[in-house]
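Undergrad: One structure, as structure tokens, below. Some questions next.
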């Protein structure tokens with residue numbers, strides 16, 4: 001039977017989901033959340049004409065190096081001078097304070113000579129409107145400043161505060177249970193048996209869920225028994241997970257029980273096995289109210305499946321674009337011909353020199369899917385289509401970045 005193509009597998013997964021509903025969160029909790037829609041300003045900023053400098057609010061028509069102005073009051077930030085400014089008058093003003101009615105220019109304090117009677121004389125004549133921030137300089141009420149599906153960064157939170165948002169509508173985070181499986185696994189720092197290894201890909205997958213804007217639910221390690229697998233599945237249901245991701249138990253061995261156990265609990269399997277390396281044993285379906293993704297147990301296979309299938313899934317839940325963004329690069333060493341599976345090779349893309357030329361990418365020598373050190377060292381994956389012929393240095397290849405440049 002022909003294996004399912006990677007693109008077809010991804011489309012099958014994405015066809016099962018739509019954007020999650022929105023929820024309101026306090027502004028302080030909105031960092032790195034996804035905006036649920038366009039957000040417009042609830043007030044004008046600044047809401048009044050204000051001064052950008054300490055000095056004197058004046059009428060530009062009154063300024064002359066030969067005349068003095070009477071200082072009739074002051075306006076600190078947060079306190080407007082309560083009377084209209086009359087001809088020949090000035091108001092001592094401080095940064096951020098509203099301009100008095102009638103004032104149109106700021107004479108900064110460095111350019112004002114204070115006379116013995118308290119009046120001032122301009123040493124330099126500023127241009128009209130100098131150092132005045134007009135109302136609405138930053139933005140006006142009703143102006144859209146945050147787009148939908150925006151990942152809210154620190155500057156966005158400051159902007160939202162200025163827009164007068166105490167609470168922000170964001171997309172609910174998808175809740176994703178992460179279950180490692182296998183008798184051979186032990187948690188880091190525990191007593192590790194002579195025939196065991198340390199569980200690792202559960203930590204990497206959970207961290208990637210967080211990076212993508214989801215909420216990982218740690219389901220621990222399930223032993224190679226149906227009872228233990230079903231207990232973990234029940235825990236995911238109780239935690240109201242939107243999806244459960246299993247790590248391991250997806251192949252055809254006697255102890256690969258995930259599919260069998262979950263089918264006894266109602267799993268409807270959409271596909272199993274895809275034309276990809278690493279990651280061939282990938283499973284996908286639904287169980288109860290949850291999506292089910294069965295990743296291979298090898299750590300690199302799990303992480304690569306996370307980039308190609310889990311990441312688009314989370315992005316669709318959050319209302320973000322789901323396309324996989326490849327870039328072109330120049331191959332740095334020979335590659336042999338590929339077989340019938342779409343191949344993803346760990347590689348290192350050289351830094352951009354700013355020359356405008358394509359960067360050079362070099363695949364790592366060892367591509368064993370158990371080698372996490374190589375995966376952590378790589379900053380990208382080279383994509384090779386099925387039956388690609390051998391390539392030589394200088395060939396143009398497609399790469400998927402694993403982390404920002």
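Undergrad: Pop a pseudo-label 7 angstrom from the Cα along the beta-carbon direction at both residue 8 and residue 230 and give the gap in nm to one decimal.
TA: Placing both labels 7 Å along Cα→Cβ, they lie 3.4 nm apart.
Undergrad: Let me ask something else about it. Please compute the modelled spin-label separation between residue 43 and residue 355, points set 7 Å along Cα→Cβ, answer in nm with one decimal.
TA: 5.4 nm
Undergrad: I've got another one for you. Just to be sure I understand: of the beta bridges DSSP finds with both ends in the chain, what percent are antiparallel, rounded to 5?
TA: Numbers: 51 of 79 bridges.
So the antiparallel bridges in the chain amount to around 65 percent.
Undergrad: What angle do you read, to the nearest 10 degrees and between 0 and 90, between the alpha-carbon axis of helix 201-212 and the longest principal axis of the chain?
TA: Here the helix axis deviates by roughly 30 degrees.
Undergrad: Go through 189-195, 134-140 and give me the packing order, highest mean Cβ count within 10 Å leading. Could the numbers behind the result be given before it?
TA: Working: 189-195: 8.3, 134-140: 14.6.
For the peptides 189-195, 134-140, the packing ranking is 134-140, 189-195.
Undergrad: Compute the distribution of all C-alpha to C-alpha distances in the chain, in bins of 10 Å from 0, and list the percent of pairs in each, rounded to whole numbers.
TA: 4, 18, 20, 17, 12, 9, 9, 8, 3, 0
Undergrad: Using the alpha-carbon centroid of each, what span in Å lies between region 211-235 and region 298-337?
TA: Cα centres, region 211-235 to region 298-337: 24 Å.
Undergrad: Arranged from highest to lowest average of other beta-carbon atoms within 10 Å per residue, in what order do the peptides 3-14, 357-368 appear? Please report the intermediate quantities before stating the final value.
TA: Values: 3-14: 17.7, 357-368: 15.3.
Ranked from most to least packed, the peptides come out as 3-14, 357-368.
Undergrad: If you don't mind, there's one more thing I want to ask. Sequence gap at least 6, Cα distance under 8 Å: using those rules, report the relative contact order of region 326-401 to the nearest whole percent. Intermediate results must be reported in sequence, preceding the final value.
TA: Values: 160 pairs, mean separation 37.9, N = 76.
Reported relative contact order: 50 percent.
Undergrad: Fully extended, how many nm does the chain gain between residue 365 and residue 323 (0.36 nm per residue separation, minus their Cα-Cα distance)?
TA: Details: separation 42, 0.36 × 42 = 15.12 nm, distance 2.89 nm.
That works out to 12.2 nm of additional length.
Undergrad: How much of the DSSP beta bridge set in region 50-133 is antiparallel, as a percent to the nearest 5? Display every interim value, and only then the final one.
TA: On the way: 14 of 19 bridges.
Among the beta bridges of region 50-133, antiparallel pairing accounts for roughly 75 percent.
Undergrad: Okay, next question. Out of all DSSP beta bridges in region 326-401, what portion is antiparallel? Express it as a percent rounded to 5.
TA: Roughly 90 percent of the DSSP beta bridges within region 326-401 come out antiparallel.
Undergrad: What's the ranking of 230-238, 328-336 by average number of surrounding C-beta atoms within 10 Å, highest first?
TA: Working: 230-238: 17.7, 328-336: 15.9.
Per-residue Cβ counts within 10 Å, averaged per peptide and sorted highest first, yield 230-238, 328-336.
Undergrad: Further question on the same structure: Give the shape of region 80-207 as rounded, prolate or oblate, defined through the alpha-carbon gyration tensor: a ≥ b ≥ c are the square roots of its eigenvalues, a/c under 1.5 means rounded, and otherwise the shape is prolate if a/b is larger than b/c and oblate if not. All intermediate terms of the calculation are to be shown ahead of the outcome.
TA: Values: a/c = 5.82, a/b = 3.29, b/c = 1.77.
Here region 80-207 falls in the prolate category.
Undergrad: What do you get for Rg/Rh of region 326-401 when both radii come from the Cα atoms and Rh is the Kirkwood radius?
TA: Working: Rg = 12.0 Å, Rh = 12.6 Å.
That ratio equals 0.96.
Undergrad: How tilted is helix 226-238 with respect to the longest principal axis of the chain? Cα atoms for both, answer in degrees (0 to 90, nearest 10).
TA: Taking the Cα atoms of the chain, the angle to 226-238 is about 20 degrees.
Undergrad: Then there is this: So what is the calculated 222 nm ellipticity per residue for the chain, using -39500 (n - 2.57) for each DSSP H run with n of 4 or more, over all residues, to the nearest 500 deg cm²/dmol?
TA: Details: 8 runs with 70 residues, N = 405.
When only DSSP H runs of four or more count, the value is -5000 deg cm²/dmol.
Read-outs throughout are calculated quantities, based only on the coordinates presented, and are distinct from any laboratory measurement. Since the structure is predicted, the reported quantities are computational estimates derived from the model, not experimental observations. Here the Cβ is made from the backbone with ideal geometry for all residues, glycine too, and neighbour counts use every protein chain on show.
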